[in-house]
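Undergrad: Here it is, the structure, as structure tokens.
The values are calculated or read from the model by the stated rules, or taken from the named source; none is laboratory data. Source: prediction; values computed, not measured. Note that each Cβ is placed from the backbone with ideal geometry, even for glycine, and that neighbours are counted across all protein chains shown. All accessible areas refer to the heavy atoms of the entire protein, side chains included, with ligands and DNA or RNA removed. Shrake-Rupley method; radii C 1.70, N 1.55, O 1.52, S 1.80 Å.
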Amino acid sequence: MNADPILDFSGQVALITGAASGFGQLLAHELGRRGARLVLGDINEEALATVADELAGDGIDFRSKRCDVSVETDCAALVELANSAFGRLDLAVNNAGIAPPMMRLEETDEAEMDRQYNVNLKGVMFGLKYQLPLMKRHGGGAILNVSSMAGLGGAPKIASYAAAKHAVIGVTKTAAVENAKYGVRVNAICPFFTLTPMVTGIETPGVSGEEMQVFLATGCPMKRLGQPEEVVAAMLMLLSPKMTYITGQALAVDGGVSAY
Ligand SMILES: NC(=O)c1ccc[n+]([C@@H]2O[C@H](COP(=O)([O-])OP(=O)(O)OC[C@H]3O[C@@H](n4cnc5c(N)ncnc54)[C@H](O)[C@@H]3O)[C@@H](O)[C@H]2O)c1
């Protein structure tokens, strides 16, 4: 039992997509050690098995399943796992996402647009479609969709990613308005570049990873990239069972970028 009710997730059932890496992996640990029971999905089964081993070692109660969020039946099956294992769903985090290769808008082909919309937008909508009914059946809950600073403003050379992440905010606000009366809160989080494998793995010909990170940080008032812990702290806040009057928001976690 956590002493602080704002961070006490005891008895809550939390579903996370993209739980095998980055924000999803860290959030699973943070929710689990605060008492939540977890339902975890990811397309990468091997990495998910590693996370499962870690959680089991920490005595956290969880279920995990391969889930490609761009496949509607996979999203339905992950929610059904929450229902069959725990009989309810209190929290859902639609976090799974992919970064595009950097290219100018006029070079972006249809296949890349489809890839971005299928995972980064439809993955969130499929999640909501099946999470909402189960949550509503048991009196409500909280959903957090992972957008990006690329969902709040222009994002040079990643137009299709920006389009999908802007759309995630539109979907978040719509779901928040439609479901507020049923006790379901729906928010989005918009991180600036943060040092998860998605960013540490960026490969640019002729530029080292470290040089790229220094370059990216120049656009931030804090002159540094985010740490995964800083984004996950904001995620915990938006999911908190005491954060009951916040819905339909797209929260920038950005070292001040959006304050320019
Ligand atoms: N790291 C950043 O700088 C940053 C900034 C803004 C937004 N985001 C968003 O945060 C979310 C998490 O990213 P991260 O930084 O932790 O990256 P990450 O690459 O470390 O983790 C992403 C996870 O999603 C999984 N995934 C990818 N495609 C999937 C699919 N089709 N179905 C299910 N799982 C899938 C991957 O296997 C991986 O485990 C993403 O939506 C990303 O767009 C990241």
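Undergrad: Taking ALA176 as meeting all but one of (1) within 12 Å of the ligand (Cβ to nearest atom); (2) open to solvent by less than 20 Å² (accessible area, probe 1.4 Å), write down the number of the exception.
TA: (1)
Undergrad: Can you name every one of the helices (runs of 4 or more DSSP H) wholly within segment 159-235 that holds 1 or more residues which are at pLDDT below 95?
TA: On the way: elements: 159-179, 197-200, 209-217.
In segment 159-235, 197-200, 209-217 are the helices (runs of 4 or more DSSP H) which contain 1 or more residues that are at pLDDT below 95.
Undergrad: Continuing with the same structure: Please return the ranges of strands (runs of 3 or more DSSP E) entirely within segment 9-78 where 1 or more residues are of a type in the set (Ser, Thr, Tyr) and either in contact with a Leu (Cβ under 9 Å, 6 or more places away or on another chain) or within 16 Å of the ligand (Cβ to nearest atom) (or both).
TA: Answer list for segment 9-78: 13-17, 62-66.
Undergrad: Follow-up. Being touching a strand residue (DSSP E or B) at 6+ places or on another chain (Cβ under 6 Å) and not aliphatic (A, V, I, L, M) is the filter; apply it to segment 74-91 and report the residue that is farthest from ILE189 (Cα to Cα).
TA: Filtering segment 74-91 for residues touching a strand residue (DSSP E or B) at 6+ places or on another chain (Cβ under 6 Å) gives 78, 81-82, 85-86, 88-91.
Keeping just the survivors that are not aliphatic (A, V, I, L, M) gives 86, 88, 90.
Working: PHE86: 27, ARG88: 24, ASP90: 18 Å.
By that ranking, first place goes to PHE86.
Undergrad: Might you let me know whether segment 150-158 holds any residue that is in contact with a Gly (Cβ under 7 Å, 6 or more places away or on another chain) and not in a loop (DSSP other than H, G, I, E, B)?
TA: Taking segment 150-158 first, the residues in contact with a Gly (Cβ under 7 Å, 6 or more places away or on another chain) are none.
No, segment 150-158 contains no residue that is in contact with a Gly (Cβ under 7 Å, 6 or more places away or on another chain) and not in a loop (DSSP other than H, G, I, E, B).
Undergrad: While we're on this one: Which pairs do you get when a residue that is over 13 Å from ARG37 (Cβ atoms) and among the β-branched types (Val, Ile, Thr), found in segment 51-63, comes within reach of a residue that is at pLDDT 95 or above and open to solvent by less than 70 Å² (accessible area, probe 1.4 Å), reach meaning Cβ atoms under 6 angstrom, with the pair 6+ apart or on two chains?
TA: Partner pairs satisfying both residue conditions: VAL51/ALA20; VAL51/GLN25.
Undergrad: Scan segment 92-115 residue by residue and report those that are within 21 Å of VAL184 (Cβ to Cβ) and either polar (S, T, N, Q) or touching a Pro at 6+ places or on another chain (Cβ under 9 Å) (or both).
TA: As a first pass, look at segment 92-115 and keep what is within 21 Å of VAL184 (Cβ to Cβ): 92-96.
Across segment 92-115, the qualifying residues are ASN94, ASN95.
Undergrad: Within 12 Å of the ligand (Cβ to nearest atom) and open to solvent by 70 Å² or more (accessible area, probe 1.4 Å): does that describe THR200?
TA: Values: within 12 Å of the ligand (Cβ to nearest atom): yes; open to solvent by 70 Å² or more (accessible area, probe 1.4 Å): yes.
It is true that THR200 is within 12 Å of the ligand (Cβ to nearest atom) and open to solvent by 70 Å² or more (accessible area, probe 1.4 Å).
Undergrad: Please state which of the following conditions LYS165 fails to meet, knowing it meets all the rest: (1) within 14 Å of the ligand (Cβ to nearest atom); (2) within 28 Å of LYS242 (Cα to Cα); (3) open to solvent by 20 Å² or more (accessible area, probe 1.4 Å); (4) charged (D, E, K, R).
TA: So LYS165 meets the others, but not (3).
Undergrad: Restricting the search to segment 210-229, which residues are within 11 Å of the ligand (Cβ to nearest atom) and surrounded by fewer than 16 Cβ atoms within 10 Å (Cβ to Cβ)? Full working, then the answer.
TA: Just the residues of segment 210-229 that are within 11 Å of the ligand (Cβ to nearest atom), to begin with: 213, 216, 225-228.
Of everything in segment 210-229, those that are within 11 Å of the ligand (Cβ to nearest atom) and surrounded by fewer than 16 Cβ atoms within 10 Å (Cβ to Cβ) turn out to be LEU216, GLN227.
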